[in-house]
Every structure is written in C-alpha cells, then in structure tokens.
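Enquirer: Following this message is one structure expressed as structure tokens.
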Amino acid sequence: EGLIIFASPAAKSLLGYSVQEITGQLVSDLHIDPDEEANFLRRLKDEDGQISSYDVALRHRDGHEVRVSGSGHYWFDENGEIAGIEGIARDISESREVAEKLRKSEARLVEAQRIARLGYWDRDLITDELWWSTEVYDILGLEPGDQPGSFEPYLTSIDPDNLDDQDWAK
C-alpha cells in the first residue's frame, strides 16, 4: 500500500524525520513529483524486481527538496509473495549542485574561447592520446573527429620546416 514500515535512524539526517515519525507515512507523500512513485514501481517491475540506481527528489520534513539516489528490490514473505520493497537512499543534493556549477562553468569557458578564438589541446603523455577543444577544430578548419588520435600522426601533418629544433615534439 506504499506505507513505510521500517526506516533506519539515518532517516533523521536524510529527511528530518525520526524513525517513529516516518514509520506509517506513505512513500508517495515524500515525493516532490507525485508521479515518481509510479515511475519507480514501473521500473522495479520492468527490471525484475531490482533497481540498482534511481534518482528522485524527496521532500524533507522542513519542506526543502532533497535529491537522493536509491536502490531497491522486492521483499518477499515466507510464501514467496511480494510483501514490500526494501531500499536504500543517499543524499546526492550537494554533488548534483556541484555538477551543475561545473557544467555552467565549462559552458562559460567554451563561450569565452569561442569569442577569443582561443583553442586548447591536451596530450596524455602516458597513452599519447590527444584531445582538442571545439575551437581548435574551428581555428584549423577541421570537423570534430578529424584530429589524429595520438601525437605522432599529428606531427606528420605539420610542415617539417616548422618542426626543426623542436625537442618538445619528440
């Protein structure tokens, strides 16, 4: 029926409820999006009764949103019938905020490079892999993916006169 019948003491730090307060509540009352419980149950059924990762927004006792990543599986009674769902949830609110800030920062960097016509590339000295920013492709008049995958083929594309006395290139 969607009732919480057990919670660990960690519920207090995650959602602000003591074990006694959260026991007996409906799981659906914790969801920010009322469709999330149905989505979770549908996915649980589609994945043969076990979900290893499911991200959802839950409502903290004080009303603010808590983003959690959870896992869950069917819990069976002594007759092998589905009796409930067991799950674990961990707070990912901070990591999601950090990821969003990083995404915005990266977008600003790409835009600044586009405006300044400044590209950059990176070479992994162990694997000899090259990585080029989008602006390097534009500066060189190439399509993304046209770059050589490693440094040596890149060097063969450069006029040899421009490589004289370039010990760094070896």
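The values are calculated or read from the model by the stated rules, or taken from the named source; none is laboratory data. What you see is a predicted model, and the numbers here were worked out from it, not measured in a lab. Cβ coordinates were reconstructed from backbone atoms using ideal geometry, including for glycine residues, and neighbour counts include every protein chain displayed. The protein model used for the area step is the full one, side chains on, heavy atoms only, and it has no ligands, DNA or RNA in it. Shrake-Rupley method; radii C 1.70, N 1.55, O 1.52, S 1.80 Å.
Enquirer: Considering only residues of the stretch 99-133 that are touching a Gly at 6+ places or on another chain (Cβ under 8 Å) and open to solvent by less than 90 Å² (accessible area, probe 1.4 Å), which is farthest from Arg67 (Cα to Cα)?
Expert: Leu130
Enquirer: For the stretch 76-92, how many residues are exposed (fewer than 14 other Cβ atoms within 10 Å of the Cβ) and more than 13 Å from Leu41 (Cα to Cα)?
Expert: Going through the stretch 76-92 one residue at a time, the tally reaches 9.
Enquirer: Given (1) at pLDDT below 95; (2) closer than 24 Å to Val19 by Cα, identify the lone condition not met by Asp62.
Expert: (1)
Enquirer: Take the residues of the stretch 65-75 that are closer than 23 Å to Gly49 by Cα and open to solvent by 60 Å² or more (accessible area, probe 1.4 Å): which is modelled with the highest pLDDT?
Expert: Within the stretch 65-75, the match that is modelled with the highest pLDDT is His73.
Enquirer: While we're on this one: Of everything in the stretch 86-137 that's of a type in the set (Val, Ile, Thr), more than 25 Å from the chain's Cα centre (by Cα) and modelled with pLDDT of 90 or more, which residue is farthest from Leu155 (Cα to Cα)?
Expert: If we take residues in the stretch 86-137 being of a type in the set (Val, Ile, Thr), more than 25 Å from the chain's Cα centre (by Cα) and modelled with pLDDT of 90 or more, then Ile115 is farthest from Leu155 (Cα to Cα).
Enquirer: Need pairs with beta-carbon distance below 8 Å; first residue more than 13 Å from Ser93 (Cβ to Cβ) and touching a residue at least 60 places away in the same chain (Cβ under 8 Å) and within the stretch 45-70, second open to solvent by 90 Å² or more (accessible area, probe 1.4 Å) and part of a strand (DSSP E or B); sequence gap 6+ or separate chains.
Expert: If the second residue must be open to solvent by 90 Å² or more (accessible area, probe 1.4 Å) and part of a strand (DSSP E or B), no pairs are left.
Enquirer: Then there is this: Tally time: how many residues in the stretch 1-31 are within 29 Å of the chain's Cα centre (by Cα) and either surrounded by 14 or more Cβ atoms within 10 Å (Cβ to Cβ) or in a helix (DSSP H, G or I) (or both)?
Expert: 16
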